[in-house]
Amino acid sequence: MSGPLPIVETYTYDANTRWHWRTRLRELWLYRYLLYNLVMRDLKARYKNSLLGILWSLLNPLGLMLVFTVVFSVLRPDNIRQFPVFLLVALIPWRLFAGALASGSEAIINNSSLIKKVYFPRELLPVSVLLSHLVNFFFGFIVLVAFLYAFGLGLTRYVFWVPVILLTQMIFTLGLVFVLSSVAVFYRDVQMILDVVLQAWFFLTPVFYSFETFFGPTATLFGITFDPTRVMRWVNPMAAIIDSYRTVLWGTQGSLGPTSMDPSFLLRTLIQSLIILFVGYAIFVRTEHLFGEKL
């Protein structure tokens, strides 16, 4: 006689409770293994049939750094100390941001067959895309650390700010990915528009230049004098995030190396990011019941 049958936990999803945060968290925990498999699938698909595989995560930022170094330090020198590090500190988080937005906007569309067949928390798809790009970020950060020591900067105690800055960036990026992935289901030209927006956003973010050098201390518009660098960081949270990385890993224009940052500066950006995440997730939850129909 066979032994007793194993007890299998059954979970019933009720659409009326989709806004209950405890239910959403419990769902995500129950499907945590699916999240792991989705992340691994994205990583394998990204480097499938690639000769160098995941080494591109190391070589890509190095290649971009070399190109920008030649263009902006040789052809147009700004006398920025340790320019390769100055550039690499910004390029690596920017690649995380831009890559997650580009891939995340297609997260629902590219998994239409899976969505129409079985139920699972739909937010796992955008989250898995972001986490797969986070893996690339860590590989790029290894390259950055090597350059920090090669240029005599090394890691200082201010590096402990990096996890907080990274968390802020992840919150901000995830909020935008939730919006883009859900809107793209209804309007398929989101990806094309996003390509243009990301190109413009790149040049509006101090990746290869410094706000202080580019804008100067003050500006006047319609007779009103203001600090343009402060305004740009308010309007563009990625500018504040990039500057935060640069401050604690490279330093500022007036320092000789990494320095501490103002906690209130990062707190303001974190609050902005949390608001964007809340709005983005609200849009995602409000529209997810229509994904199957539109796909």
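Label-to-label distance for residue 41 and residue 290 is 2.5 nm, based on points extended 7 Å past Cα in the beta-carbon direction. You can think of it this way: the chain between residue 142 and residue 33 has 36.5 nm of extra reach, that is 0.36 nm per residue less the Cα-Cα gap.
What net charge is computed for the residues neighbouring residue 255, neighbours being all others with C-beta under 11 Å from the C-beta of residue 255, Lys and Arg scored +1, Asp and Glu -1? In short, +2. The slack between residue 264 and residue 70, meaning 0.36 nm per residue of separation minus the straight C-alpha distance, is 66.3 nm. Between residue 212 and residue 79, the contour length at 0.36 nm per residue exceeds the Cα-Cα span by 46.5 nm.
Determine the distance separating the Cα centre of region 247-295 from the Cα centre of region 75-133; give it in Å without decimals. Between the Cα centres of region 247-295 and region 75-133 lies a distance of 13 Å. Residue exposure proxy: 70, 143, ordered by other Cβ atoms within 10 angstrom of their Cβ from fewest to most, comes out as 70, 143. Each semi-axis of the equivalent ellipsoid for region 20-294 is √(5λ) with λ an eigenvalue of the Cα gyration tensor; in descending order they amount to 34, 22, 18 Å. Computed from the C-beta positions of residue 204 and residue 149 and an R0 of 35 Å, the FRET efficiency is 0.65 to the nearest 0.05. Counting only Cβ charges, +1 for Lys and Arg and -1 for Asp and Glu, the dipole size of region 20-294 around its Cα centre is about 720 debye.
Label-to-label distance, residue 24 versus residue 236, with points set 7 angstrom from Cα along the beta-carbon direction: 3.0 nm.
Remark: 195, 42 ranked as 195, 42, counting other beta-carbon atoms within 10 Å and listing the fewest first.
Laboratory data are not the source of any read-out in this text; all were calculated from the coordinates shown. Fair warning: this is a prediction, and the values are worked out from it, not measured in the lab. Because the Cβ atoms are built from the backbone with ideal geometry, glycine has one as well, and the counts that use them run over all protein chains shown.
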